[in-house]
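Here is the structure we will look at.
The values are calculated or read from the model by the stated rules, or taken from the named source; none is laboratory data. Note that this is a predicted model, so its numbers are computed, not measured. For neighbour counting, all protein chains shown are included, and Cβ atoms are generated from backbone atoms with ideal geometry for every residue, glycine included.
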Amino acid sequence: MLAEGAPPGSSGSGGGGGQRVGYLCSSLEQYADALCEVLGMEQLERMRVAAAARRRAAQFSDQRFQREL
């Protein structure tokens, strides 16, 4: 999801490196609230979060894993 620029909803592990790249959710209500927030964002804000998500996902690429292994 991150690589596609879709802000994910997930459990509270990892992190976005100080930038919003998604939502940490632990209940159905939190997932629903996160989805409503994303759907209510202005296009520019969604694009900013999507770009941050793509940058964060790049930190977990196969190429980086092979290079650092």
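Of the helices (runs of 4 or more DSSP H) lying entirely inside the chain, those containing at least 1 residues that are more than 15 Å from the chain's Cα centre (by Cα) and modelled with pLDDT under 85 span 62-68.
Pairing each residue of segment 57-69 that is within 21 Å of GLY22 (Cα to Cα) with any residue that is surrounded by 10 or more Cβ atoms within 10 Å (Cβ to Cβ), provided the two are 6+ apart or on different chains, yields C-beta distances under 6 Å for ALA57/LEU2; ALA57/ALA3.
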